[in-house]
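Have a look at the structure below before the remarks.
The values are calculated or read from the model by the stated rules, or taken from the named source; none is laboratory data. Here the structure is a predicted model, which means the values were calculated and not measured. Cβ coordinates were reconstructed from backbone atoms using ideal geometry, including for glycine residues, and neighbour counts include every protein chain displayed. Note: areas computed on protein heavy atoms with side chains; ligands, DNA, RNA excluded. Shrake-Rupley method; radii C 1.70, N 1.55, O 1.52, S 1.80 Å.
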Amino acid sequence: QVQLIESGGGLVQAGGSLRLSCAASGRTFSDYTMGWFRQAPGKEREFVAAISWSGGRVYYTDSVKGRFTISRDNAKNTVYLQMNSLKAEDTAVYYCAATVRMMGTLQNQYGSWGQGTQVTISS
């Protein structure tokens, strides 16, 4: 399995921006479809975005479309989540995940997970 480490979380005011990074190690990064999920306090973990192994296909949950951008740099073994126009409801722990399967939105499609990074948006 691939090992994943997220970074870039923090506290930001509503309307601001953050860029999350997820560094992968242990396996060939370009073999994996990558995803971002998040879990807000008291809520289930939910899908945010995914990107195909080549970066040619991306998919977002409706609530972040037009505000978040997922990208990857296979040479750096890193996937990114650029988050703009942040809202209080974006507050959550953000996790990156990897799968050798087709791009999907379900947690059980992903076999490797990072430890998460906290994103807090103040209103």
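A few notes on this one:
- Any hit, the range 30-39, residues being in contact (Cβ under 8 Å) with a residue 12 or more places away in the chain and farther than 15 Å from residue 98 by Cα: yes
- Matching residues in the range 72-90 - criterion: being assigned to a strand (DSSP E or B) and open to solvent by 50 Å² or more (accessible area, probe 1.4 Å): 82
- Residues that are farther than 20 Å from residue 69 by Cβ, open to solvent by 20 Å² or more (accessible area, probe 1.4 Å), in contact with a strand residue (DSSP E or B) (Cβ under 9 Å, 6 or more places away or on another chain) and among the polar types (S, T, N, Q), drawn from the range 96-123: 107, 109, 115, 118, 120, 122, 123
- Residues in the range 1-16 that are touching a strand residue (DSSP E or B) at 6+ places or on another chain (Cβ under 7 Å) and either surrounded by 14 or more Cβ atoms within 10 Å (Cβ to Cβ) or closer than 15 Å to residue 119 by Cα (or both): 2, 4, 5, 6, 7, 8, 9, 10, 11, 12, 13, 14.
- Criterion: out of contact with any Ser or Thr (no Cβ under 8 Å at 6 or more places or on another chain) and either within 15 Å of residue 98 (Cβ to Cβ) or small (Gly, Ala, Ser) (or both) - qualifying residue of 42, 9: 42
For every residue, the table says whether it meets (1) open to solvent by less than 20 Å² (accessible area, probe 1.4 Å); (2) modelled with pLDDT of 95 or more; (3) closer than 16 Å to residue 95 by Cα; (4) not hydrophobic (A, V, I, L, M, F, W, C).
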position	(1), (2), (3), (4)
18	no, yes, yes, no
22	yes, yes, yes, no
33	yes, yes, yes, yes
52	yes, yes, no, yes
62	no, yes, no, yes
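- Filter pass, residue 66 being farther than 17 Å from residue 120 by Cβ, surrounded by fewer than 17 Cβ atoms within 10 Å (Cβ to Cβ) and of a type outside the set (Asp, Glu): yes
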